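Please read the structure below before turning to the comments.
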Amino acid sequence: MRVIEVEEFGGPEVLGVREAPDLVAGPGEVVIALAAADTMFVETRIRAGSAREFFDTTPPYVPGGGGAGEVISAGPDVDPAWIGRRVVASVVNGGYAEQVAAPLENVLPLPDGLGFNEAAALLHDGVTTLCVFEGTEVKAGDTVLVVGATGGMGVLLVQLARAQGARVVAAARGGRKLELARELGADVVLDYSRPGWTDEILGKVDVVFDGVGDEIGLAAFAATRDGGTFSAHGSTLGGFTAVDTQEADRRGITLRGIRDVQISRTERMRLLGSALEKAAEGVFKPVIGQTFPLGRAADAHTAIEERTVLAKTLLLP
């Protein structure tokens, strides 16, 4: 089988294709032929070597946290009825490959009618979306600001807030992304690359979901009303939003951050199951803006880093 390997930290060019032996399922495991592999922005940071304070991954390694496909073999103690099932699976590394081996506790069957691409798109973004959303207690009638509203996770946050009956303000950069935000049903669309982009919502937002960070996140924090909630879960500009905690206390603003999404495997799989159910029900409709063949993983990382991608990016082994 083919895998993508990072031989050393560096730019996208360090993502090389190599041949590896087909996988053999061990006890409690299944081997899955992947049809779609998830990609995440954080994987570009790990590959570049700029996230070593948070991740202990060292080259050589095969990146990727999993994907969706069909079970092709099962371990000696696993019910052979799993073979042939359409599933989604989470792994620590190894997802940029034609096959992955995963313990059954990290594998979920797909609901009828849900495609491989959609399931792979929900593997991490669906889980994180539900995790941060459940922690903010959004209510019908609330004004919710989603910063980075057209990323893989931002799209789902907009959909979930709308389903909850909230008034959604979507912030993104550039005409193509703003148009997608309108198509998603956002009530207000703002271009955060423009000066004063928060002027019309200053102090009026009940809940902020900040998926961008840095100075954009600080502007979003200023838009939060006294007594509101500010959830900072993204750092696509390079760093998480450095909120003044004393000001937050003074204004009665509840702060949530990346530590609030550090959850157990059991909780992660519960949330993944819920995300798949919401997709089957039509609440979640992942937007897959672009796909790349497995062998073009370097092109996928380049596009992600250059922010030319729209919503979710997948690799198709």
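Computed from the coordinates by the stated procedures, all read-outs in this text should not be read as laboratory data. All values reported here derive from a predicted model rather than from experimental measurement. FYI the Cβ positions are ideal-geometry reconstructions off the backbone, even for glycines, and counts take in every protein chain you see.
Worth pointing out:
- Residues in region 97-115 that are charged (D, E, K, R) and surrounded by fewer than 18 Cβ atoms within 10 Å (Cβ to Cβ): Glu105, Asp112.
- Criterion applied to Leu156, Leu122 was being closer than 21 Å to Arg182 by Cβ, in contact with a Pro (Cβ under 8 Å, 6 or more places away or on another chain) and buried (at least 24 other Cβ atoms within 10 Å of the Cβ), and the one residue passing it is Leu156.
- Test result for Ala280, more than 28 Å from Arg182 (Cα to Cα) and among the aliphatic types (A, V, I, L, M): no
- Scanning region 228-277 for residues that are in contact (Cβ under 8 Å) with a residue 60 or more places away in the chain and of a type in the set (A, V, I, L, M) yields Val261, Ile263, Met269, Leu271, Leu272, Ala275, Leu276.
- With a requirement of 3 or more residues that are surrounded by fewer than 17 Cβ atoms within 10 Å (Cβ to Cβ), the strands (runs of 3 or more DSSP E) lying completely within region 6-77 that satisfy it span 15-19.
- Residues of region 86-104 satisfying the condition of being within 18 Å of the chain's Cα centre (by Cα) and farther than 13 Å from Leu23 by Cβ: Val88, Ser90, Val92, Asn93, Tyr96
- Entry remark, region 83-96: residues being surrounded by fewer than 19 Cβ atoms within 10 Å (Cβ to Cβ) and outside any loop (DSSP other than H, G, I, E, B) number 1 in total.
- Filtered by the rule that a residue be hydrophobic (A, V, I, L, M, F, W, C), in contact with a strand residue (DSSP E or B) (Cβ under 8 Å, 6 or more places away or on another chain) and under 20 Å from Gly135 (Cα atoms), region 150-208 gives Val155, Leu157, Val158, Ala161, Ala166, Val168, Val169, Ala170, Val205, Val207, Val208.
- Checking each residue in region 187-214 for being crowded, with 17+ Cβ neighbours inside 10 Å and touching a Lys or Arg at 6+ places or on another chain (Cβ under 8 Å) picks out Val189, Tyr192, Val205, Asp206.
- Meets criteria (aliphatic (A, V, I, L, M), within 18 Å of Lys278 (Cβ to Cβ) and either surrounded by fewer than 19 Cβ atoms within 10 Å (Cβ to Cβ) or within 19 Å of the chain's Cα centre (by Cα) (or both)) for Leu145: no
- Residue within region 164-178 that is touching an Asp or Glu at 6+ places or on another chain (Cβ under 8 Å), touching a residue at least 60 places away in the same chain (Cβ under 8 Å) and among the small types (Gly, Ala, Ser) present: no
- Selection status of Glu105, without any contact (Cβ under 8 Å) to a residue 24 or more places away in the chain and either in contact with a strand residue (DSSP E or B) (Cβ under 7 Å, 6 or more places away or on another chain) or not small (Gly, Ala, Ser) (or both): no
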